[in-house]
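Below: the structure, in structure tokens.
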Amino acid sequence: MNLAKFILQKIGIGFLYGVGFVLGAWAIGILVNGTPNYFESEAAKTTVNESRINQSLNVVSSSVQIKPDYANISGEVFNLENDLVNQANIELYLLNKEDEMLHKCTHLLNKPIPPKETVNFSFVCNGFAPSLYKNFGSHQTYAVK
């Protein structure tokens, strides 16, 4: 009986150390990388579906730095409405020279955009093939409420 209790105690202590390690690694990841960006990525070879353009939000400017396996995106989105927009999705389309979509990233801009004001955004898009780097031609960025 004492042996079984001893073994169960050791297993429980090991479990707690494991949970502590995972939580510690997660906290260090947050400190190093900042708060997580919630984005979805999908690769497809189609043209951009412009029906996603939102008439109440306008991406005033955007710039993309393409690297072999990720892209840095930054820009400004303007709220054309008379109401506060609490959150929006920033959609980035990476296109080849024929304007065919190579990759799409969506970033949740989880900060309010006051009426008739501009808010900055910046995020990283990853998960695409290195061949995209060679075939990249241009980008289009949209804000969707």
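No value in this document is a laboratory result; all are computed from the given coordinates. Here the structure is a predicted model, which is why all the values come from computation and not from measurement. FYI the Cβ positions are ideal-geometry reconstructions off the backbone, even for glycines, and counts take in every protein chain you see.
Here are the numbers for this structure:
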read-out: Sites residue 55 and residue 111, calculated FRET efficiency, Cβ-Cβ separation with R0 25 Å, nearest 0.05; value: 0.75
read-out: Per-residue HN-Hα couplings for the range 74-90 [Karplus 6.51, -1.76, 1.60; θ = phi - 60°; Hz; x = Gly/Pro]; value: 8, x, 9, 10, 10, 8, 7, 7, 8, 10, 5, 9, 6, 7, 8, 9, 9
read-out: Simple spin-label estimate for residue 99 and residue 70 in nanometres, 7 Å along Cα-Cβ; value: 3.1 nm
read-out: Gain in span if fully extended, residue 81 to residue 26, counting 0.36 nm per residue against the direct Cα distance; value: 16.0 nm
read-out: Neighbour net charge for residue 114 - beta-carbon separation under 15 angstrom, K R +1, D E -1; value: -1
read-out: FRET efficiency, residue 145 to residue 19 (Cβ-Cβ, R0 35 Å, nearest 0.05); value: 0.35
read-out: Alpha-carbon centroid distance for the pair the range 72-145 / the range 1-26, whole angstrom; value: 45 Å
